[in-house]
Amino acid sequence: MARRVVITECSAITPIGHTKEDIVKSLVEGISGVEKLRDDGLLSDFIQSGVFGTVSYPIDFSFKREHRKTMGPVSFYACQVAKEVFERAGLSQDFISSGRLGVAFGSTHGSPSVQREIYKTFFSNSRADFSSIGAVDYLKSMVHTTAVNITRMFGITGRVISSSTACTTSSQSVGFGYETIKYGMQDAMLCGGADEYDTTTVAVFDNLLACSTRYNDTPHMTPRPFDKNRDGLVVGEGAGAVLLEEYEFAKKRGANILAEVIGFSCNNNGGDLILPNIDGISETIRLGLKDAGISAETVDFVSAHATATKMGDVMEAQAMAGVYGASPLVTGLKSYTGHTMGSCGVIEMILTLYMMEDGFIAPTLNLKDIDERCAMISHVVNLMESYIRIAAVQNFAFGGVNTCIIVKKLD
């Protein structure tokens, strides 16, 4: 028998703030976290895009040295949000290390800044330099570094899942964590994702002509999801974590329940690895609704993937219109943070939970002139007081991977 799964705690490090108060303030006041790209001496003469969703405030990483030595920047982010979730959740250490708690956490690349230093050493032609590379360098940079550093820091012995599917990394983490609890394999899961600041990530998307370049001197004006004047995505950084628990377990221990996860879907377009696919996106939404056991008209709000690419926004808007019609309100939250890569799904879920809790819906930032090809859905263009009962968080990735998570606020 399937079990109910609830979200009991969350934490995020984002370009628009770290605490809930700062993040909500940015959403309410329309404050962008996009800044000018830092010149780190790598490819700066070749990258056309000059903007980045930046975490520009200090963070107090008060980790023990024994834990820090295997962590690159991406794991610092991951372990910090995990630490904050556990501190607020009130779980005992006995439970955390009991095997009944698992981790589903990932990133896009691991730690590209650490990888960069390793590669530079590999090609230095110096035996002395080569000998400086140690085992910890691999542990800092490997793709599953976030998940295993979390397990090490907190003594977690349960199931470990480390997705790495670009833009759907953390939404898969939440979805797979939900399924793990739903079908009785764990009683709780820490789920999320992280990605760090590095210009190599910008270079990848810039080379694919997917990045915003028109607003390099006015970074707060980009990205522009669904807007006629959008010109591409803005790469960003950040991390997010949510604690999922089996409903009866959470209720028995008196946990604060933020929302219930009622549906998850994940599928593939089965074709082109880059171009968006309206049929694949539409089917993902339908499968999410089917898993949740609800009809399309019961969804109040959709957090759209909305990267502000030319065709991606059009395909997503048309898919939503085909499944939902014009009933749910839609916001593209990347307009505030940029595209935080592997962490975008969980960050956008957390922002949605904040809006659910506080009774408002933030508008899509920079949406001034709606592209007529995207105009068939109900865009939020001004701050609204609104009660969200059921919300869908959509994310789509290179490789044709699509996800949809549906959450419900408990009465």
Put Lys290, Lys69, Lys140 in order of accessible area, largest first, probe 1.4 Å, and you get Lys290, Lys69, Lys140
Taking a straight Cα-to-Cα line shorter than 29 Å from Lys228, and setting aside same-chain lysines fewer than 8 residues away, one finds Lys25, Lys36, Lys310, Lys334, Lys368
Toy charge model, Lys and Arg Cβ at +1, Asp and Glu Cβ at -1: the chain dipole around Cα centroid in debye, rounded to 20, equals 860 debye
Among Gly254, Thr8, Met356, the residue whose Cα sits farthest towards the positive end of the charge dipole of the chain, when +1 is placed on the Cβ of each Lys and Arg and -1 on the Cβ of each Asp and Glu, is Gly254
For Arg214, the accessible surface traced by a 1.4 Å probe with all protein chains present amounts, in square angstrom to the nearest 10, to 140 Å²
So, over other residues within a Cβ distance under 15 Å of Asp45, counting Lys, Arg +1 and Asp, Glu -1, the net charge is -2
A correct Karplus calculation of ³J(HN,Hα) over the range 368-376, with 6.51 cos²θ - 1.76 cosθ + 1.60, θ = phi - 60°, whole Hz and x for Gly and Pro, returns 9, 9, 5, 4, 4, 6, 10, 7, 8
Residue-normalised value, i.e. accessible area per residue, for the chain at 1.4 Å probe, in Å², stands at 39 Å²
Once Lys and Arg are counted +1 and Asp and Glu -1 for all other residues with Cβ under 15 Å from that of Met221, the total becomes +2
Sequence order, the range 266-274: Karplus ³J(HN,Hα) from phi using 6.51 cos²θ - 1.76 cosθ + 1.60, θ = phi - 60°, Hz rounded, Gly and Pro as x, gives 8, 8, 10, 5, x, x, 4, 8, 10
Taking only protein heavy atoms and a 1.4 Å probe, the highest-to-lowest accessible-area order of Tyr336, Tyr183 is Tyr183, Tyr336
Candidates for Cα Rg over 2.2 N^0.38 Å are [x] 1.17; [y] 1.05; [z] 0.93, and the calculated one carries label [z]
Any DSSP H helix in the chain with Cα axial reach of 18 Å or more and mean Kyte-Doolittle score of at least 0.0? Listed by number, the hits are 73-89, 278-292, 310-324, 344-358
With a 1.4 angstrom probe the carbon and sulfur portion of accessible area for the chain, in percent, totals 52 percent
Given unit charges at Cβ for Lys, Arg (+) and Asp, Glu (-), the dipole magnitude of the range 90-212 about its Cα centre in debye, nearest 20, is 260 debye
SASA check, Glu29, accessible area w/ 1.4 Å probe, all protein chains in place, rounded to nearest 10 Å², comes out at 110 Å²
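The values are calculated or read from the model by the stated rules, or taken from the named source; none is laboratory data. Given the structure is predicted, the values throughout are model-derived calculations rather than measurements. Positions of Cβ are backbone-derived with ideal geometry, glycine not excepted, and every protein chain shown enters the neighbour counts. For the accessible areas, the whole protein counts, side chains as well, though only heavy atoms, and no ligand, DNA or RNA atoms are used. Shrake-Rupley method; radii C 1.70, N 1.55, O 1.52, S 1.80 Å.
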